[in-house]
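Asks: Please find one structure pasted underneath; my questions will follow.
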Amino acid sequence: MSGDTLRPIGHQYALAMLGGGEERVRSLAQSAGTQLTMDAFLRVQDEEPVPAFLHSALCAMSLPTKRPKDDTQPILREDGKYALAINPRPILQTVDGKPTLRSLGVPYGAYPRVALIYLLSQAVTKRSRDVYLGRNFTEWMRRLGYQTVSYGPRGTANLMREQVDRLLACEWQIRWEGNEGGDNAFAVRDVKISNEYAGSLEKNGAFAREIRMSEAFYSHLLDHAVPLNEVAIRELKGTPTALDLYTYLAYRLPRIGSDRGQVISWDQLAKHLGNDADSKRFRQTVRETMQLVSAVYPNADVDFSGRKVVLRPSPAPLERKLVGPHLRVIGAPALETAPRSSVPKMARTPLRETKTTEPLQHFPGGSLTYGDRETKFRAIGLDKGKPWCVDTMANAFRAGFPGIKQARTDAEWLRVWEAFVIKYADRRAQAGAN
């Protein structure tokens, strides 16, 4: 398996997990990996995926990773049919007792990326363009995965506050082109992420608790939301390039139709990620960053080792199984899931082979409050998921469960639904305790 040493470390961890479980992963990390990548891999494998979302245009085009030389100038990005413009609007502030119009500048770095994913995820999962941020800034940051929140001049709270202010004060426009109605008509549209400025953190710790997205952007977001795993986002939250690479691969890989994959140039990848670095430096950065990204997204089948970038079809990040030709141990069958005692095993027998007369159905749609069939699901939600809203949990389940479109018996649906509800309630309880 000498060729395996050329794989990203997350791929090597996955092979070790399939071949010998957690102990083999830890042994590999001592010789070839790091504590950071090993911890990230094990946490993502051990935790139930939590659905998160980002607009496809924002997966394909990135914010600046560092502060631009002139951060008051608009950001312009173009990627295929998409074009993105982020224009920092001046806002009214009081300086030396006088009202002054001042531009806060464009957002940059990891903080606005994490905040943007949270805002859009809330809009998608709650099916509302009004996004509630929380009771106070500390609570909101902890929900984003920042367990230590400091308020010094360079504290995490002030750094996040500055970037959220920049994020919400900007006018965001997405322009896309495409065919409509099956003919050659060219559609050109513009949508804005937000048409209201939400305000900033005050000295007493209070901040704007709710923002409202424009109706046009919200509608477009629902049609073009790319599923991510919130657990992975928490592991990558300190590295903007890792967040960019993860969201780009999450958008691109599941959409590749050819088994042979797609080949793009390094310049094309740099354009996707909005990078202006020289080619040699950019390649080195991407290869190093992929070590961490592969730990949280081992199913991503990519090759950054050559003169060209090779992208191969891969499952979305919410898929928990370790799958794909790049994760097959030579001479041994590929397992569907990692042999970890902490991860409960679920029956993998295809339903068509199950000897049962019970009809196959889809998970109930709409509210679980009404209907004879829905009553069984609602009872589990009320019992195992209290005090959380049953319909909110159902929406999260529909958005994040990989096999949601598959027909199953009600007995199997009730089993996977109960497991999800228990995990959901535990996560929310832990978040509240922190």
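Asks: Restricting attention to helices (runs of 4 or more DSSP H) lying wholly within segment 47-155, give those where 3 or more residues are farther than 25 Å from residue 248 by Cα. Outline the logic, then answer.
Replies: On the way: elements: 56-60, 110-126, 137-143.
In segment 47-155, the matching helices (runs of 4 or more DSSP H) lie at 137-143.
Asks: Which pairs turn up if I take residues in segment 68-82 that are modelled with pLDDT of 85 or more and look for partners that are outside any strand (DSSP E or B) and of a type in the set (Phe, Trp, Tyr) with beta carbon separation below 8 Å, at least 6 apart in sequence or on another chain?
Replies: Pairs found: 68/108; 71/108.
Asks: Counting just the residues of segment 249-258 that are surrounded by fewer than 24 Cβ atoms within 10 Å (Cβ to Cβ) and in contact (Cβ under 8 Å) with a residue 12 or more places away in the chain, which one comes out farthest from the chain's Cα centre (by Cα)? Talk me through it step by step, then tell me what you get.
Replies: Just the residues of segment 249-258 that are surrounded by fewer than 24 Cβ atoms within 10 Å (Cβ to Cβ), to begin with: 249, 251-258.
Of the ones still in play, those that are also in contact (Cβ under 8 Å) with a residue 12 or more places away in the chain are 249, 251-254, 256-258.
Numbers: 249: 11, 251: 10, 252: 13, 253: 14, 254: 14, 256: 19, 257: 22, 258: 24 Å.
The extreme case among them is 258.
Asks: Just to be sure before I move on: is residue 298 surrounded by 21 or more Cβ atoms within 10 Å (Cβ to Cβ), closer than 26 Å to residue 49 by Cβ and either under 19 Å from the mean Cα position of the chain (by Cα) or among the aromatic types (Phe, Trp, Tyr) (or both) in the structure I sent? Can you show your working first?
Replies: Numbers: surrounded by 21 or more Cβ atoms within 10 Å (Cβ to Cβ): yes; closer than 26 Å to residue 49 by Cβ: yes; either under 19 Å from the mean Cα position of the chain (by Cα) or among the aromatic types (Phe, Trp, Tyr) (or both): yes.
The answer is yes for residue 298.
Asks: Which residues, taken from segment 129-154, are farther than 18 Å from residue 112 by Cα and touching a residue at least 40 places away in the same chain (Cβ under 8 Å)?
Replies: Hits for segment 129-154 are 129, 130, 135.
Asks: List the pairs whose first member sits in segment 376-390 and is closer than 15 Å to residue 363 by Cβ and touching a residue at least 12 places away in the same chain (Cβ under 8 Å), whose second member is surrounded by fewer than 19 Cβ atoms within 10 Å (Cβ to Cβ) and polar (S, T, N, Q), and whose Cβ atoms are under 7 Å apart, counting only residues at least 6 apart or on separate chains?
Replies: Correct list of pairs: 378/369.
Asks: When you check residue 104 against the structure, is it outside the structural domain of residue 366 (by TED's automatic domain parsing), at pLDDT 85 or above and over 22 Å from the mean Cα position of the chain (by Cα), yes or no? First the steps, then the outcome.
Replies: On the way: outside the structural domain of residue 366 (by TED's automatic domain parsing): yes; at pLDDT 85 or above: yes; over 22 Å from the mean Cα position of the chain (by Cα): yes.
Answer is yes for this residue.
Asks: Looking at (1) more than 25 Å from residue 289 (Cα to Cα); (2) more than 24 Å from the chain's Cα centre (by Cα), which is the one condition that is false for residue 69?
Replies: Failed condition: (1).
Asks: Let me ask another. Considering only residues that are of a type in the set (D, E, K, R) and out of contact with any Pro (no Cβ under 9 Å at 6 or more places or on another chain), look in segment 277-309 and name the one that is modelled with the lowest pLDDT. Let's see the steps before the verdict.
Replies: Here is the first cut: in segment 277-309, the residues of a type in the set (D, E, K, R) are 278, 280-281, 283, 287-288, 301, 303, 307-308.
Now restrict to residues that are out of contact with any Pro (no Cβ under 9 Å at 6 or more places or on another chain): 278, 280-281, 283, 288, 303, 307-308.
Working: 278: 59, 280: 84, 281: 87, 283: 91, 288: 93, 303: 93, 307: 91, 308: 92.
The extreme case among them is 278.
The values are calculated or read from the model by the stated rules, or taken from the named source; none is laboratory data. Just so it is clear, the model here is predicted, and its values are computed rather than measured. Note that each Cβ is placed from the backbone with ideal geometry, even for glycine, and that neighbours are counted across all protein chains shown.
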